Each structure stands twice: as structure tokens, then as C-alpha cells.
Amino acid sequence: MARWRLTESHYLDSPDSYWEQAETDRETGKQKKRKHMVPLHLNPKDPNDWNYKTGDRDVSQGGSAFTDGQIIVCREGKGQPRDIVFTSSVTPGMEPLDDEAKKETEETKTKLEWRDGDRFYKDGMTYADEMLMKLADRSGESTELAQALSMIAQVVEQNAKLLALMAPARRP
């Protein structure tokens with residue numbers, strides 16, 4: 001087995017996620033179809049993305065919606081029937097569920113130099129945000145990109161602070 005539970009939104013490469021383009025040849029009238037692989041977006045906060053639904057049924061939704069769930073992903077041939085197969089690299093936003101997944105996570109962590117408990121995760125930034133910051137650091141000649149990413153990071157931080165201030169005000 002090699003299975004993970006997603007803890008944050010991901011765009012994952014999956015063999016089942018593609019866009020199909022259909023064209024009709026003007027000379028022969030035959031239709032040509034091409035498949036283009038596209039990343040699959042999965043959000044653990046979106047009930048429509050859950051492949052494992054738990055908890056009680058929400059009666060306000062006509063009894064068909066569950067109150068809790070999770071997204072479990074796996075490697076090809078190494079999961080359960082409901083798992084979503086992916087071919088992308090493992091990220092810090094994936095929680096390993098078995099020994100094989102833990103081993104792959106540790107290998108990837110070492111190879112890609114993940115940081116545990118660093119400032120990115122404390123400020124609400126994700127692994128993808130960290131990768132963008134690393135890219136900006138590596139490209140010394142692209143100062144405009146570094147400035148834009150820095151401004152985006154500041155806006156994200158300001159929004160997080162504003163939301164934190166507004167959240168208690170909403171509660172009765």
C-alpha cells in the first residue's frame with residue numbers, strides 16, 4: 001500500500017484527469033480526438049471532493065450530504081477501490097497512512113528539503129507558496145518577480161490578520 005490523506009488543497013497529476021479535444025477533419029469528415037493530461041484539483045474542505053465520507057448525514061440538505069469526509073490518494077495499484085490514483089510528487093500537505101507511504105514521504109522530504117514548522121506554515125502559506133518563494137530566490141536577475149511574490153505574501157498576511165480580527169465579531 002502507498003496511501004496518503006490530503007490536509008490541504010492540491011493540484012495532482014492523475015491518469016484519470018484529462019481534457020478531451022474533438023475536431024472534425026474538413027476533408028474526410030472524420031472526427032479526431034486528442035487527450036491532454038491536466039492536473040486534478042482536490043480540496044479537503046469541499047464535500048464534493050471527498051472520496052471517503054464520514055459522520056452523520058446533514059438533514060438540512062435532504063439527508064444526502066455528509067457532515068465530514070476526507071480525500072485519500074494512492075499510487076497506481078497500491079490503494080483501495082475508492083482511492084484517487086496520482087503520479088505527482090508527495091507534498092507536506094499529504095499525511096502518510098501506511099509504512100510504504102511514510103518511507104516515500106521521508107525520501108521525498110530529504111530530496112526536496114522540506115522544512116518542518118517554518119514561517120511559511122505559521123503564516124498560513126502552503127508548500128506551493130514556499131516553492132514560489134524558492135523560485136524567486138534562485139532567479140537573482142528577476143527582481144520584479146521577487147517583489148511581486150513579496151507583495152503577495154504581505155497581502156496574504158494582512159488578510160489573515162483581518163480575518164482573525166473579524167471572526168470574533170461575527171459570533172453572537
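The values are calculated or read from the model by the stated rules, or taken from the named source; none is laboratory data. As the structure is a computational prediction, the values presented were derived from the model and not from experiment. Cβ coordinates were reconstructed from backbone atoms using ideal geometry, including for glycine residues, and neighbour counts include every protein chain displayed.
Evaluate the following for residue 42: is it under 20 Å from residue 97 (Cα atoms), surrounded by 13 or more Cβ atoms within 10 Å (Cβ to Cβ), assigned by TED's automatic domain parsing to the domain that holds residue 104 and touching a residue at least 60 places away in the same chain (Cβ under 8 Å)? So residue 42 fails the test.
Count of segment 18-39 residues, restricted to those that are modelled with pLDDT under 90 and either surrounded by 13 or more Cβ atoms within 10 Å (Cβ to Cβ) or among the hydrophobic types (A, V, I, L, M, F, W, C) (or both), is 5.
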